[in-house]
1. Checking the cross-link filter: which aspartates and glutamates have an alpha carbon closer than 20 Å to that of Lys253, excluding same-chain neighbours under 8 positions apart?
2. Run the simple label-point estimate for Lys137 and Lys344 please: 7 Å along Cα→C-beta, distance reported in nm.
3. In terms of Cα to Cα distance under 13 Å, which aspartates and glutamates are near enough to Lys52, apart from those fewer than 8 places away along the same chain?
4. Sorted by packing (mean other beta-carbon atoms within 10 Å per residue), highest first, where do 221-228, 44-51, 311-318 land?
5. Assuming R0 = 22 Å, what is the FRET efficiency of Gln46 and Leu161, from their Cβ-Cβ distance, to the nearest 0.05?
6. Within the range 306-349, list the chymotrypsin sites (Phe, Trp or Tyr not before Pro) lying in a DSSP loop whose Cβ has at most 16 other Cβ atoms in a 10 Å radius.
7. Among the listed pairs Lys41/Lys300; Lys128/Lys247; Lys73/Lys214, which are separated by more than 29 Å between their Cα atoms?
8. In percent, how large is the relative contact order of the chain, given Cα pairs closer than 8 Å and 6 or more residues apart?
Amino acid sequence: MKRKVWVNFVLVVTAIFIFGFEEVNVISEEPEVKPQVKEEKVMSVQTETFGKMPDGKQVDLHTLINPNGLRAKITNYGAILVSMEVPDRDGKMADVVLGFDTLDGYLGEHPYLGAIVGRYANRIAKGKFVLNGVEYKLAVNNGPNHLHGGIKGFDKVLWKLEDIKAESDKAFVKLSYLSADGEEGYPGNLACSVTYTLTKDDELKISYEAKTDKTTVINLTNHAYWNLAGQGNGDVLGHELMLNADKFTPVDKDLIPTGEIKPVKDSPMDFTRPMAIGSRINQVGMGYDHNYVLNSGGGKLDLAARVYEPNSGRVMEILTTEPGVQLYTANWLGGSGKSGKAYKKHYAFCLETQHFPDSPNKPEFPSVVLKPDQKYSTATVHKFSAK
């Protein structure tokens with residue numbers, strides 16, 4: 001009897017031990033509950049081949065991407081802004097820069113779509129100027145005038161990639177070009193660079209720097225054609241434009257400034273309050289192609305323009321260190337571009353931040369002379385939003 005009780009006792013203890021052990025094992029094998037970490041979107045960059053030059057040199061396409069989905073695409077051919085994708089008020093993305101899907105489009109004839117233009121942006125009368133007592137003769141490629149650097153300006157050369165990087169709050173690509181002494185008639189070896197920077201705050205900043213070994217003239221800008229409704233989606237006459245400029249520089253029949261600086265008040269040139277681009281465009285001939293004198297006077301980064309597209313709600317603000325901005329309403333635009341979309345008259349607007357046209361021949365205008373002991377440095381910011 002005692003033996004039976006002892007055996008039962010052992011069995012009970014063993015059962016308790018086994019069940020307890022298994023219970024502990026079950027508890028220890030439950031999956032560990034980890035706190036959920038929200039994936040943080042970051043700035044990024046991408047590079048791909050865009051095509052080849054006629055001489056076989058490779059051309060690249062660099063894409064800057066921010067956490068909000070904005071994308072800026074830049075090619076080292078002509079340092080061209082190929083596309084800029086931004087959201088509307090509902091978050092729908094669209095490319096708001098006119099251009100081409102492939103390099104071949106840019107290698108053909110086109111009106112400087114998205115390009116960096118130089119050595120001198122805009123017009124120089126009769127293609128000549130005098131500097132330090134020496135007359136320099138340039139190509140005449142726009143009626144009787146020199147335009148945007150000549151036959152082969154900065155828009156038609158292959159720029160060198162200096163740097164491309166994504167950081168915590170920005171992504172950028174820096175390109176450089178050495179313009180040789182005498183190129184297109186200009187004096188001095190000019191070493192210049194342009195940096196495109198996309199920020200986490202939905203800004204596209206374009207910074208320019210240059211040095212020369214001989215006194216020269218310089219005026220660089222970006223010639224993007226904008227349509228905030230999306231490239232190829234109709235004309236821009238309904239876009240509402242504000243220019244922070246009380247004055248402009250009147251021009252002669254060849255679009256060369258007369259030297260006068262005139263108030264815009266009570267004229268179709270007045271955009272000091274937001275106005276539809278097309279509201280008075282018929283009063284200025286083919287359309288706007290005029291330089292505005294910014295109220296800031298240049299030198300520090302300040303508001304130059306604000307554009308609002310009512311249907312999409314997209315807004316673009318432009319800030320610049322330059323003293324002027326050229327309003328051009330694509331008066332001679334034609335052909336087709338990305339996705340085969342038609343590009344017609346007034347299907348875009350340009351706001352080219354700059355020094356004034358023909359400044360080398362207008363000593364009363366802000367100086368465009370660059371000396372060997374000086375550094376050329378300007379910046380323009382495009383800030384995007386929607387309302």
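The values are calculated or read from the model by the stated rules, or taken from the named source; none is laboratory data. The structure presented is a predicted model; accordingly, all values stated were derived computationally and were not measured. All Cβ positions, even for glycine, are placed from backbone atoms using ideal geometry, and neighbour counts span all protein chains on display. Note: areas computed on protein heavy atoms with side chains; ligands, DNA, RNA excluded. Shrake-Rupley method; radii C 1.70, N 1.55, O 1.52, S 1.80 Å.
1. Filter leaves Asp289, Asp358.
2. In this crude spin-label approximation the distance works out to 4.4 nm.
3. Cross-link targets: Asp60, Asp104.
4. Top of the packing list down: 221-228, 311-318, 44-51.
5. Efficiency, rounded to the nearest 0.05: 0.95.
6. Trp332
7. Too far apart for the 29 Å limit: Lys41/Lys300; Lys73/Lys214.
8. 16 percent
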